[in-house]
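Undergrad: Before we start, here is the structure in question, set down as structure tokens.
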Amino acid sequence: MPEKEKNNDMHLNLPTYPSNSDAERSVLASMILDKTVAVEMLSRLEDVDFFNQRHKVILQAMKELDAVGDEIDFVNLTERLQRTKNLDKAGGLDYIAELSSYVATAAGVSQHFEILKKLTLMRGLLNASKAIAEDVYNNDDADVCLENAQRLVLDISRTRSGDSLVHLGSVVNEVVHNYEEISASETRVTGLLTGYSNLDNAMNGLQKSDLVVLAARPGVGKTAFALSIANNIAQREPDKKILIFSLEMGSVQLAERMLCNVGKVNYNKVRHVELDNKDFVRFHRAMNVLAGSQIYLDQTAETNPEQIYSKCRQFSLEHNGVDLIIVDYLQLMDTGSGRVESRQVEVSKISRRMKLLAKQLGVPIILLSQLSRAAEQRGEKPQLFDLRDSGAIEQDADIVMFLHKERNQPVEETYIELIVAKYRAGELRSHAFRWEGSTFTFTPVDPDILRHLKKADEEGAEDIKSGMPQVAKVDNIPMPTAEDAPADKGAEAAPVSPRDNADKFSPDFFDNNGGKRS
């Protein structure tokens, strides 16, 4: 490591840490004089909440008395301190007597408690800033320094935001109030609509704090389905803020797929720059839709739940909240903590952290996951135990959905089954979609299609479409179409290159679609 010039200013030499001895004495005195206050404060106070060392010793003695069921008063407290040889450390008999006669009120103790908690936070931030400065001074790896700094601050934030017990009455009142508000609304929707009516009717949208695991084998369409949900929301409610973390695909590749999905434009035509005029009108309209949305992409290939939490929390503070988070996909993440016992343990920790993230931020998270090969080898539909690397995934998730495709389907007419394998709040069922791979489009259809496909596959039918019931599409949100665009002369024939409208596209689009910009 290269030698660094010493700088005394790097060490935060402060005259003293922020503290308030009067507030500390007031709280302790109230606990000695009032049994109710003592019970309440002991469950909420920690050693770090006191700066005065004598007060730390007294608090510890109070907790020891409470642990064995003894009442906290002057006699029991002094006896306990004497028996543990800590009376002198607590200031002596005279100091305990002084505390016992200290004038404190029940109303005042709440205010003084808040003062102690505020000062604890400030001391924690000072300690973190000193540790960060020391780390920066002794470490050449800026990324490691940043991660350490984020972890220190997040630890303080989580400690401060710990939930406390609440009376059931306040919770049930909130439930009834929410129900009354929703029942009075026109839509009566409790969650964030996916834009797929069959799914929304069953779940009433994606609910806040839910961890939704969407799993499939490679190539079945889990990324496309998650992006379609984001696109549907962007068209229905463009003010909704959606964060997409892609550990596998780059931002440009994701954007291409999203444009094709929204505009119903053939992806191969985009890749080979073969759009005709009508295609390009739809493509351009899709660009306007997505550019006006609140969708944000993160293409960091190596990331962990703590980094995702940090980015989401920062975004939430800067943009006044988040409405949906999509992570693609679980098995590409690590814990960021270095050595782990096994991959199964690591995935279990990641899964648990993602559920806590959904709860802490109060937003639904769609977490994509791989399935093991076992379901394919069995020739059966996937089960919960097919979730790859860990059984903890199904425990942490509020909803687990599988995308499943029956074998031997023609490419031009493929149907996908969305299996709801776990749903804490509702019924387990399947939903059917028609899949158009050229535009990454899922269209809800009658589930009778799935039963026919399964039967045809089991019977080994050569023509799997023979006897298929008529496809009944389920209403979905409208998408831009070529018919909506004003007619252009010669639109039927002449292919057009996006380079003719190069000012409307980013340089990355051309760099990733072949050829040089003119």
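The values are calculated or read from the model by the stated rules, or taken from the named source; none is laboratory data. All values derive from a computational prediction rather than experimental measurement. Virtual Cβ from ideal backbone geometry, glycine too; neighbours counted across all protein chains shown.
Undergrad: Residues D47, D34: which one is crowded, with 16+ Cβ neighbours inside 10 Å and not hydrophobic (A, V, I, L, M, F, W, C)?
TA: D34
Undergrad: Just checking, which of V68, V27, V75, V57 is surrounded by fewer than 21 Cβ atoms within 10 Å (Cβ to Cβ) and either among the polar types (S, T, N, Q) or in contact (Cβ under 8 Å) with a residue 24 or more places away in the chain (or both)?
TA: Only one candidate qualifies: V57.
Results for (1) closer than 21 Å to H55 by Cα; (2) at pLDDT 85 or above; (3) assigned by TED's automatic domain parsing to the domain that holds L361; (4) among the polar types (S, T, N, Q), shown as yes or no for each residue.
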{"residue": "D88", "(1), (2), (3), (4)": "yes, yes, no, no"}
{"residue": "G108", "(1), (2), (3), (4)": "yes, no, no, no"}
{"residue": "L119", "(1), (2), (3), (4)": "yes, yes, no, no"}
{"residue": "L165", "(1), (2), (3), (4)": "no, no, no, no"}
{"residue": "V176", "(1), (2), (3), (4)": "no, yes, no, no"}
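Undergrad: So, in the stretch 170-209, of the ones that are β-branched (V, I, T) and in contact (Cβ under 8 Å) with a residue 12 or more places away in the chain, which residue ends up surrounded by the most Cβ atoms within 10 Å (Cβ to Cβ)?
TA: Checked the stretch 170-209; the qualifying residue surrounded by the most Cβ atoms within 10 Å (Cβ to Cβ) is T194.
Undergrad: Cβ-Cβ distance below 8 Å, separation of 6 or more or different chains: which pairs start in the stretch 134-146 with a residue that is under 22 Å from T300 (Cα atoms) and end on one that is among the β-branched types (V, I, T)?
TA: Pairs that qualify, where the first residue is under 22 Å from T300 (Cα atoms) and the partner is among the β-branched types (V, I, T), are C145/I132; C145/V136.
Undergrad: Residue by residue through the stretch 322-351, note down the ones that are at pLDDT 75 or above and among the aliphatic types (A, V, I, L, M).
TA: Within the stretch 322-351, V322, L324, I325, I326, V327, L330, L332, M333, V345, V347, I350 qualify.
Undergrad: Just to be sure before I move on: is D200 under 23 Å from V327 (Cβ atoms) and not assigned by TED's automatic domain parsing to the domain that holds V327 in the structure I sent?
TA: no
Undergrad: Are there helices (runs of 4 or more DSSP H) fully within the stretch 38-147 with at least 1 residues that are within 16 Å of S21 (Cβ to Cβ) and touching a Phe, Trp or Tyr at 6+ places or on another chain (Cβ under 8 Å)? List them.
TA: Passing ranges, in order: 53-67, 92-100, 106-138.
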